[in-house]
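These notes are about the structure you will find just below.
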Amino acid sequence: MNALALEHVSKSYILEGAERPVLKDINLKVEHNEIVAIVGASGCGKSTLLRLVVGLDADYRGTISWGSHNKTALSKVGMVFQDHRLYPWLTVQGNVDLALDDTSLSTTERRDRTSHYLRLVGLADYAKAYPRQLSGGMAQRAAIARALAHEPEILLMDEPFGALDSLLRMRLQDELLSIWEKNKVSIVIVTHDVEEALYLADRILVMEPNPGRIRDVVDVGLPRPRDRADPAIADLKRRCLATLV
Amino acid sequence: MADRSLRTTGFPRGAVLPLAAALIWSAASAAGFLSGPMAVSPFEVILTPFVDPSGRELWMALFASIARVLAGGALGGLIGLVLGYVAGMYRIAALGLAPTVHTVRQVALFAWIPLLTAWFGNGESTKLVFTALSTFFPLFLATEQGVRQAPLPLIEAAQTLGLRPWTRVRKLYLPAALPSIYVGLQIAVLSAWIGTIGAEYAIGNGRGLGSYLASARDQFRMDIVIVGVFALAGGGVALSAAVRFVTAKISPWSQEAR
C-alpha cells in the first residue's frame, strides 16, 4: 500500500470564462519512506499539486488517497511552505505545539513531543524564542519541526529551502536526510533546484507547464550519503535539464 | 510628538506653551485686565479642588465618571469585539451586519440622547448605554477589520495543522487582529470618555464630571468650570495612557519588532 496515491488528477481554473488547465492527468504513487522530488519551471503547477494533496484546495478531478487507513488528509500529511509561516505571536515551542492541537495528548505529553522535535531540528535552546528572533534557516527548521510534530505519514515540502543561501540550503538538506532516517516518513518535495532533487530524492518527477503534466520520471537509485560531485549525479542532472530547459 | 521630545531631551518642551499661557493669564488677572464675575485667576483655580467645599466634590465626580467609562466601555467594547469578530470571520455576517452598523453609526452620537432617555429614563442606565454605544462602534470596526486582515499564509498554515475552531480564535484571529483592536481601543476609550461626560452633562443629574460642570455653570462658578475642563482633559489623557500601558504589556512579540 502506498503512502500517497494520485490517480488521474486534473485541475483547471476558469479565467475570463475560459477553462485554463493547470494540471493534467497526474498519476503518482509515493511509497512508504520514499523521497519524491517534483521539479519543474515556475508555472508548471507543482505548488498547486501540493495544495491539492494537503487539502488546501478541494476543487480537482481524479482521486487522491492518503495511505491505508481511511483518514483525512490532515492527520496524515505535514506541510512545510517556502516561507516558514510561524505565528509571530507564539514562541517556537508554541508554534510546534499547534500541530498537536487536534490530538488527545496530555499537557506533559505535548511538551515532551514538542521538545523532542525541537531537539531533532537542533532548536532545543530556542524553545522560548519568538520567530522574529530566529534566522531564516532556524525559522525553517522550526517549521519542519512543526510539520513533523503530529507525526504524519507524509511530509510535503514546497520549495522549503528556496529562500535560503546555497550553503545553508546544503546544510539543511543534510539535516532533512538525517531527520528522515530517524523518523521514517515519506517526503514529497517540490523544488526548482535539480541538484537538490538529485541529492535528496529516490525518484524525480520532471514537470512541464501549460498544462502542468509529468514529462519524465527519473529513478535516482544512488546510495546515501551521496556525493554532490558524483559523475552519476551529473549525468542525471543532464537528463533532467534536457527535459526542463 | 510631546512624548518623544520628553524622552529624547529630558526637557518637557510640550509644557512650554501651556506654561506661557498660564503666565500671561496670571499677569493679566494680577494687572486687573480680567475682571468681573466670570474672571478667575489661575491661583484660585489651582486651589479650588483642594480648599473649596464645592470644589472638593470634583474628585468624587471624576471618580464617578471614570467608573462609568469602565463599566459602559466594558459592556459596549465586549459587544463590539464579539460582533466585530463575527463580522470579520463570516462573510454572511458581514453582509448582514455591516450596512446596519455603518448606517446607525452615521447618527451623530449625541442625537441618541433623546431616544435613550425616552427608553431608559433619566438615570444611570441611559448614561451606561450611551457610553456603551460610544465604545461599541470603534471596537466593532477595528475588530472586524483586524480579523479580516489575518494573513492568508497563516490561515492556510492553520488549515494544514488542523487547528480546531476555538484554537483558531485564540491563536490566530485574535492575535492577528490585536494591533487593529489596540488602535480601536485608543479611539474607543476617548469616545467613551467624551460620551460619558456628554451624557452626564446633557442629562444633568447624578454624580459625574459632566453634571458637575453643568451645575457649576448654572451657579456661575467659573473657577469650578475651569477646573472641570482641566479634569476632563486630564481624565482623557490618563485613560489613553492607561490603554497604551495595558496594550503594551500584553503584546510582547510586537514591541521589539517595531
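Scanning the range B:182-212 for residues that are closer than 21 Å to residue B:123 by Cα and crowded, with 24+ Cβ neighbours inside 10 Å yields B:192, B:193, B:195, B:196, B:197, B:199, B:200, B:208, B:209, B:210, B:212.
Confirm whether residue B:64 is touching a Gly at 6+ places or on another chain (Cβ under 6 Å) and within 23 Å of residue B:200 (Cβ to Cβ).
Values: touching a Gly at 6+ places or on another chain (Cβ under 6 Å): yes; within 23 Å of residue B:200 (Cβ to Cβ): yes.
Against the criterion (touching a Gly at 6+ places or on another chain (Cβ under 6 Å) and within 23 Å of residue B:200 (Cβ to Cβ)), residue B:64 qualifies.
Taking the range A:97-128 as the range and being more than 10 Å from every other protein chain (Cβ to nearest Cβ) and among the hydrophobic types (A, V, I, L, M, F, W, C) as the test, the residues that pass are A:105, A:118, A:120, A:121, A:123, A:124, A:127.
Within the range B:130-151, the set of residues being away from chain A (no Cβ under 13 Å) and surrounded by fewer than 21 Cβ atoms within 10 Å (Cβ to Cβ) comprises B:145, B:148, B:149. Residue check: is residue B:169 out of contact with any strand residue (DSSP E or B) (no Cβ under 9 Å at 6 or more places or on another chain) and within 14 Å of another protein chain (Cβ to nearest Cβ)? Judged against the criteria, residue B:169 is a match.
Against the list (1) surrounded by fewer than 16 Cβ atoms within 10 Å (Cβ to Cβ); (2) farther than 13 Å from residue B:69 by Cβ; (3) at pLDDT 90 or above, the condition residue B:242 fails is (2).
Scanning the range A:28-46 for residues that are outside any strand (DSSP E or B) and closer than 27 Å to residue A:184 by Cα returns A:31, A:32, A:33, A:34, A:46. Looking only at residues in the range B:219-237 that are under 29 Å from residue B:179 (Cβ atoms) and touching a residue at least 40 places away in the same chain (Cβ under 8 Å), the one that is farthest from the other protein chains (Cβ to nearest Cβ) is B:235.
Screening B:178, B:154 for residues that are within 30 Å of residue A:98 (Cβ to Cβ), within 14 Å of chain A (Cβ to nearest Cβ) and modelled with pLDDT of 95 or more leaves exactly one candidate, B:154. Can you work out which of the residues in the range A:145-171 that are surrounded by 24 or more Cβ atoms within 10 Å (Cβ to Cβ) and touching an Asp or Glu at 6+ places or on another chain (Cβ under 8 Å) is farthest from residue B:162 (Cα to Cα)? So, considering only residues that are surrounded by 24 or more Cβ atoms within 10 Å (Cβ to Cβ) and touching an Asp or Glu at 6+ places or on another chain (Cβ under 8 Å), the one farthest from residue B:162 (Cα to Cα) is A:161. Among the residues here, residue A:90 does not qualify as in the same structural domain as residue A:9 (by TED's automatic domain parsing), surrounded by fewer than 23 Cβ atoms within 10 Å (Cβ to Cβ) and not hydroxyl-bearing (Ser, Thr, Tyr). Exactly one residue out of A:203, A:215, A:238 is more than 21 Å from residue A:53 (Cα to Cα) and of a type in the set (D, E, K, R): that is A:238. The criterion of being within 11 Å of chain B (Cβ to nearest Cβ), farther than 30 Å from residue A:40 by Cα and either touching a His at 6+ places or on another chain (Cβ under 9 Å) or not charged (D, E, K, R) (or both) holds for residue A:94.
Evaluating residue B:26 against the criteria (1) touching a residue at least 60 places away in the same chain (Cβ under 8 Å); (2) over 20 Å from residue B:220 (Cα atoms) leaves one unmet condition, (1).
Residues checked against (1) small (Gly, Ala, Ser); (2) at positive phi; (3) without any contact (Cβ under 8 Å) to a residue 12 or more places away in the chain:
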| position | (1), (2), (3) |
| --- | --- |
| A:19 | no, no, yes |
| A:30 | no, no, no |
| A:33 | no, yes, no |
| A:50 | no, no, no |
| A:82 | no, no, no |
| A:85 | no, yes, no |
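Evaluate the following for residue B:91: is it charged (D, E, K, R), out of contact with any Cys (no Cβ under 9 Å at 6 or more places or on another chain), surrounded by fewer than 21 Cβ atoms within 10 Å (Cβ to Cβ) and more than 13 Å from chain A (Cβ to nearest Cβ)? Judged against the criteria, residue B:91 is a match.
All conditions but one from (1) farther than 17 Å from residue B:247 by Cα; (2) within 13 Å of chain A (Cβ to nearest Cβ) apply to residue B:192; the one that does not is (2).
The values are calculated or read from the model by the stated rules, or taken from the named source; none is laboratory data. Because the structure is a prediction, the values reported are computed rather than measured. Heads up, the Cβs are rebuilt from the backbone with ideal geometry, glycines too, and the neighbour counts pull from every protein chain shown.
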